[in-house]
Amino acid sequence: MNTKIAVVILAAGLGTRMKSNKAKVLHAVCGRPMVHYVVETAQKVAGSNVILVVGHQADEVRRTVSQQGTFYFAHQTEQLGTGHAVLCALPHIPDPCQEVVILCGDVPLIQARTIEALIRSHLAEKRDISVLAVELADATGYGRMVLDADGNLQAIVEESDASVEQKRIRLINTGIFCVGKQFLSEALPKIKSDNAQGEIYLTDIIEIAYVDQKLMGVVTGDDPAEVTGINTIDELKNVERAMKNRR
């Protein structure tokens, strides 16, 4: 599996809500930069086929990550959204890799077995896109998984763009995808930035795939805590507690 799978880790953001000038992924969880945990998981899944998208404090992120092995790096000069970040990574994906897993560098609790389950489902069903989702009692702040009348994934709508009805949806996007490289290459250049944030959302490839009648699926994770992202100091403390409890 390793030779055909690449993992792209989004690690370019500053994380202004962390109240720090440090790149978000460099903030420590249990004494280690949070990105180290994500990289370890990526290595278990894809070996050396790991691409990190860097931006803020790019040299420092490269330096600290390179202590763990040899990786590919893509530089996102301007942070124009997740879709733009993956577009920056595309030229660095090794040719033999046919499927691309996309992870966020601020989700240190993610486990290799969860990613491998996503990949197995994706390959078994021969999908173009598979999305890892979890169900939350309170989905406020998260992108919602919008299904059509037949239960097929139709779109992922961000909180800021969601209607009142869509905000009632409890199934949320974790930001973790497995996508066929060929489709990714075709879809990313089509994404427009006509949304509330003026950004190129990776999630818009879902709508493109739906219109093009591509095969998509949702894999629901068992543990919502595992996909917790860190955007604030409080969230960092919560994840650190969870990390200590896991140990």
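Quick notes on this one:
- Criterion: under 28 Å from residue 21 (Cα atoms), part of a helix (DSSP H, G or I), more than 13 Å from the chain's Cα centre (by Cα) and of a type outside the set (D, E, K, R) - qualifying residue of 64, 77: 64
- All positions within segment 4-39 that are of a type in the set (Val, Ile, Thr) and exposed (fewer than 13 other Cβ atoms within 10 Å of the Cβ): 16
- Subset of segment 95-109 (residues that are part of a loop (DSSP other than H, G, I, E, B) and buried (at least 21 other Cβ atoms within 10 Å of the Cβ)): 105, 106, 107, 108, 109
- Considering only residues in segment 9-22 that are outside any helix (DSSP H, G or I) and basic (Lys, Arg), the one that is nearest to residue 110 (Cα to Cα) turns out to be 22.
- Residue satisfying condition, being in contact with a Gly (Cβ under 8 Å, 6 or more places away or on another chain), of a type outside the set (Asp, Glu) and touching a residue at least 24 places away in the same chain (Cβ under 8 Å), within set 112, 133: 133
- Matching residues, segment 23-61, being without any contact (Cβ under 8 Å) to a residue 60 or more places away in the chain, farther than 19 Å from residue 85 by Cβ and part of a loop (DSSP other than H, G, I, E, B): 31, 47, 48
- Subset of segment 208-234 [charged (D, E, K, R) and closer than 24 Å to residue 141 by Cβ]: 222, 223, 226, 234
- Of the set (1) assigned to a loop (DSSP other than H, G, I, E, B); (2) more than 22 Å from residue 243 (Cα to Cα), all apply to residue 130 but (1).
- Here residue 92 fulfils each of the conditions (1) over 25 Å from residue 190 (Cβ atoms); (2) surrounded by fewer than 21 Cβ atoms within 10 Å (Cβ to Cβ); (3) touching a strand residue (DSSP E or B) at 6+ places or on another chain (Cβ under 6 Å) apart from (1).
Every number in this text was worked out from the coordinates using simple rules, so none of it is lab data. Note that the structure is predicted; figures quoted are calculated from it, not measured. Glycine gets a Cβ as well: all are built from the backbone with ideal geometry, and neighbour counts include every protein chain shown.
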